[in-house]
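Below is one structure, written out as structure tokens; comments come after it.
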Amino acid sequence: MRVRVPVVQQGRRPPRPLAVRLLWNGAEVAVTLGLVLLLLVAHQLWWTNRQARAAAEKKVEALEEEWGRSGSEGEGDGDEGGGALDDGSEGASAAPERDRARDSSLAGARRTARPAPTPHWDQAYAVLRIPRIGIRVPVAEGVSKGGVLNKGYVGHYPRTAQPGQGGNFALAGHRNTHGEPFRYINRLRDGDEVSVATKDAVYTYVVDKTLAQTSAHDGGVIRSVPRSDVRKGYGYSAPGYYITLTTCTPEYTSKYRLVVWGKLRAMRPR
């Protein structure tokens, strides 16, 4: 007696419509691209900061070792052995005796602090400190991204004054990514100190003006007498000893520039 085993045949699932298949494939591609973009953002916002900060800190230590100093020296108020500068803003009402005392103090400091040679392109040659926002970062010659800014350094604009010289010592730094040393310079207020240490001296500047937003092409802000060409009334009108800090604004864009200005208050030879 033969026993027949029933065989159940399952029908094939009908193929999906072309529109559904295209939608499904598009979704897979979108998810993949999203993950790739997420990884790129993490790399840009976290890894580049970590690498640049570590490299910048290492460079600061190397400079200070070269100068024969510990990292804690030079962070004072910069009054010892130096003198305040007359930047021309006090006018004719300033007492002649006070002017002569300041000129004498500054002249003595300059004789002790020898002028530094012009740095080579991309060479780190100074250390910028801003206590209010916890900055300690190398200053290098030039403002190229690959050679300076993307290393986490602050860059010195060519053809502007060097630290302590008459005119405008103008600097640029990233606000986001690559160490972002200038991320919080918008928090600086009048009276905050900014010090610049070189091999031969420590220069102390005091913040006294801020320009929250101007054009990325506003070259007036880094001239010898810094004054905005775009935002009238922002800047200075007389020669002096200035420092200028510039960075991009708003955050995570490069559409505009944020500018902080200060005046040299003291110079302390090493």
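Each reported figure results from applying straightforward, stated rules to the coordinates on display, with no laboratory input. For clarity, every value in this text was computed on a predicted model and none was experimentally measured. So basically every Cβ, Gly included, is an ideal-geometry build from the backbone, and we count neighbours across all protein chains shown.
So what J values fall out for the stretch 250-262 if you push phi through Karplus, 6.51 cos²θ - 1.76 cosθ + 1.60 with θ = phi - 60°, rounded to Hz, Gly and Pro as x?
Calculated HN-Hα couplings, in order: x, 4, 6, 9, 10, 6, 10, 10, 9, 10, 10, 10, x Hz.
Counting other beta carbons within 10 Å of each residue's own, what order do S224, S195 fall into, fewest first?
Going from least to most buried by this count: S224, S195.
Ranked by Cβ crowding within 10 angstrom, fewest neighbours first, how are I133, I185 ordered? Numbers along the way, then the final one.
Working: I133 15, I185 24.
With the fewest neighbours first, I133, I185 line up as I133, I185.
Check the straight Cα-Cα distances from K199 and name the lysines below 27 Å, setting aside those fewer than 8 residues away within the same chain.
Qualifying lysines at Cα under 27 Å: K58, K59, K145, K151, K263.
Using 0.36 nm per residue of separation minus the Cα-Cα distance, give me the extension gain between A238 and Y184 in nm, one decimal.
Working: separation 54, 0.36 × 54 = 19.44 nm, distance 2.83 nm.
Using 0.36 nm per residue and subtracting the Cα-Cα distance, I get 16.6 nm.
Between beta-carbons, use under 13 Å as the cut-off and find the net charge around S228, counting Lys and Arg +1, Asp and Glu -1. It would help to have the intermediate numbers written out before the result.
On the way: positive: K209, R223, R227, R231, K232, R257; negative: D218, D229.
It works out to a net charge of +4.
Multiply the residue gap between E61 and K209 by 0.36 nm, knock off their C-alpha separation, and tell me the result in nm, one decimal place.
Numbers: separation 148, 0.36 × 148 = 53.28 nm, distance 3.09 nm.
Extra length from E61 to K209 when fully extended: 50.2 nm.
Is the shape of the stretch 149-270 best called rounded, prolate or oblate, per the rule: a/c under 1.5 gives rounded, else a/b larger than b/c gives prolate, else oblate, with a ≥ b ≥ c the square roots of the Cα gyration tensor eigenvalues?
Working: a/c = 1.69, a/b = 1.20, b/c = 1.41.
Oblate, because a/c is 1.5 or more while a/b does not exceed b/c.
Report relative contact order for the stretch 124-270 in percent, whole number only (criteria: Cα-Cα under 8 Å, sequence separation at least 6).
Details: 383 pairs, mean separation 34.1, N = 147.
Across the stretch 124-270, relative contact order equals 23 percent.
Which value, in debye to the nearest 20, gives the size of the charge dipole of the stretch 173-249 about its Cα centre, when Lys and Arg are +1 and Asp and Glu are -1 at the Cβ? List each step's numbers first, then the result.
Working: 10 positive and 8 negative charges, 42 e Å.
It comes to approximately 200 debye.
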